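**Q** Quick one: structure below, then a few questions.
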Amino acid sequence: MTPADLSLTVLHAVRRAVDDGALRVEVPPRIKVERARPGGSGEYASNVALTLARSAGRSAREVAGIIEERLRDAPGLRGVEITGPGFLNFTLRGDAGSEVVRAIRAAGSSYGHGTALAGTTIRLAEVTESRAALVTEVVVRLLRSQGAEVESQAVGGERVHVLPGAYEVERLGSDAARWALLRAAPHDRPLDGVPLLAQHERNSLFRVRYAYSRVRRLLVNGEQLGVGPEWEVLVDAPALLHTLGDHPAVLLTAARLRAPDRLARHLESLADALLAFQHTVLPLGDEKPSATHRSRLALAEAAGTVLAGGLSVLGISAPDRI
């Protein structure tokens with residue numbers, strides 16, 4: 001992890017804290033990190049908590065604690081320590097990418113599921129309006145993915161098959177209708193469903209499903225070239241690794257806030273990072289297959305696994321070909 005990568009990782013943590021409502025500050029455009037001074041802790045340090053403390057109306061150590069909580073599972077970080085009045089000190093890992101990829105391969109589509117809400121029983125009120133019923137269905141799955149016990153009179157976490165009203169499933173198809181309702185925040189108007197039928201990069205649903213289909217095609221093409229997915233060497237793909245590393249925290253936040261739209265937006269970010277990376281995965285021209293290609297393919301496969309798992313939580317299909 002480079003200092004630029006670390007700065008971006010801390011910035012993501014601050015943004016998540018603001019999105020969660022834990023901090024009420026304006027997210028800075030960038031965060032400065034520097035080498036830890038002699039006698040300090042870790043390899044790098046940042047005074048971001050001190051700079052945000054006044055506007056947050058909290059002590060710098062409180063702000064640092066909020067940020068530190070959102071950095072605990074960040075890829076590339078071995079440890080985060082709070083020192084002095086509120087400095088954040090970072091110790092880096094040698095190869096965080098391998099840990100993320102191996103964790104995804106081990107967990108499969110359940111990557112990001114956890115026990116943070118274990119022992120919690122949540123009762124959801126009965127709803128009859130179609131959009132509310134759909135959101136409740138997905139919220140039940142999000143809560144259960146984090147270990148919560150959910151009692152819902154509306155739906156038991158099963159897929160809602162009928163979406164009456166303005167969103168015509170027969171015209172749009174179930175996947176587009178669900179994305180239109182779930183991608184927008186509950187207090188916002190649903191997306192216009194018709195553009196979601198277009199196979200175009202401006203269509204967010206298309207980008208997410210297309211990114212998954214590209215992974216499936218890369219695996220097929222890799223097999224034809226004798227390249228299989230296996231993490232062997234470092235891969236320079238910080239945006240993709242950061243987004244994959246953020247997935248567990250996004251699922252937990254979406255569950256806590258009962259906000260499926262956060263998961264949908266995260267899948268968009270993951271798809272964009274993957275589509276920017278996919279052109280580098282397999283050998284081109286006379287290039288010989290190597291450990292780098294096998295590692296890149298393993299990373300792409302991991303991203304596809306997370307995309308499919310996230311779409312499944314939303315009740316949306318992930319086709320192998322589009």
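The values are calculated or read from the model by the stated rules, or taken from the named source; none is laboratory data. Small disclaimer: the values here were computed from a predicted structure and weren't measured. Quick reminder, even Gly has a Cβ in these numbers, built from the backbone with ideal geometry, and neighbours come from all protein chains shown. Note: accessible area is taken over every heavy atom of the protein model, side chains too, but ligands, DNA and RNA are not part of it. Shrake-Rupley method; radii C 1.70, N 1.55, O 1.52, S 1.80 Å.
**Q** Among the listed residues E268, E301, which satisfies the condition of being at pLDDT 95 or above and surrounded by fewer than 20 Cβ atoms within 10 Å (Cβ to Cβ)?
**A** Just one listed residue meets the conditions, E268.
**Q** When you go through E34, E26, E43, E69 one by one, which is the residue that is open to solvent by 60 Å² or more (accessible area, probe 1.4 Å), modelled with pLDDT of 85 or more and in contact with a Phe, Trp or Tyr (Cβ under 7 Å, 6 or more places away or on another chain)?
**A** Residue meeting the stated conditions: E34.
**Q** Contact list please: Cβ distance under 6 Å, first residue in segment 13-26 and free of Cβ contacts under 8 Å to residues at least 12 places away in the same chain, second residue assigned to a loop (DSSP other than H, G, I, E, B), pairs at least six apart or on different chains.
**A** V18/V27
**Q** Considering S55, S7, S109, S41, which residue is touching a residue at least 24 places away in the same chain (Cβ under 8 Å), of a type in the set (S, T, N, Q) and part of a loop (DSSP other than H, G, I, E, B)? Walk me through it before giving the result.
**A** Working: S55 fails: part of a loop (DSSP other than H, G, I, E, B); S7 fails: part of a loop (DSSP other than H, G, I, E, B); S109 fails: part of a loop (DSSP other than H, G, I, E, B).
Among S55, S7, S109, S41, only S41 is touching a residue at least 24 places away in the same chain (Cβ under 8 Å), of a type in the set (S, T, N, Q) and part of a loop (DSSP other than H, G, I, E, B).
**Q** Additional query: Consider D20 against the criteria (1) modelled with pLDDT of 90 or more; (2) within 18 Å of T253 (Cα to Cα); (3) open to solvent by 30 Å² or more (accessible area, probe 1.4 Å): it satisfies all of them except one. Which criterion is unmet?
**A** Exception for D20: condition (1).
**Q** Is there any pair with a first residue in segment 234-248 that is closer than 16 Å to L267 by Cβ and a second that is at pLDDT 85 or above and assigned to a loop (DSSP other than H, G, I, E, B) whose Cβ atoms are under 7 Å apart and which are 6 or more apart or on different chains, and what are they?
**A** Within 7 Å, the pairs are H247/Y111; H247/G112; P248/G112; P248/G114.
**Q** Return the residues of segment 174-203 that are free of Cβ contacts under 8 Å to residues at least 40 places away in the same chain, more than 19 Å from V135 (Cβ to Cβ) and either of a type in the set (F, W, Y) or part of a loop (DSSP other than H, G, I, E, B) (or both); say none if nothing qualifies.
**A** Scanning segment 174-203 gives A198, H200, E201, R202, N203.
**Q** Would you call L143 modelled with pLDDT of 90 or more, among the hydrophobic types (A, V, I, L, M, F, W, C) and in contact with a Leu (Cβ under 7 Å, 6 or more places away or on another chain)?
**A** yes
**Q** Still on this structure, please answer the following. Check V227, V220 and return the single one that is open to solvent by 50 Å² or more (accessible area, probe 1.4 Å), among the β-branched types (V, I, T), farther than 13 Å from G310 by Cα and at pLDDT 95 or above. Spell out how you get there, then give the answer.
**A** Numbers: V227 fails: open to solvent by 50 Å² or more (accessible area, probe 1.4 Å).
One residue alone meets the criteria, V220.
**Q** Listed residues L274, L284; which is modelled with pLDDT of 90 or more and open to solvent by less than 20 Å² (accessible area, probe 1.4 Å)?
**A** L274
**Q** Given the conditions (1) touching a Gly at 6+ places or on another chain (Cβ under 9 Å); (2) in a helix (DSSP H, G or I), which single one is not true for R24?
**A** So the condition that R24 fails would be (2).
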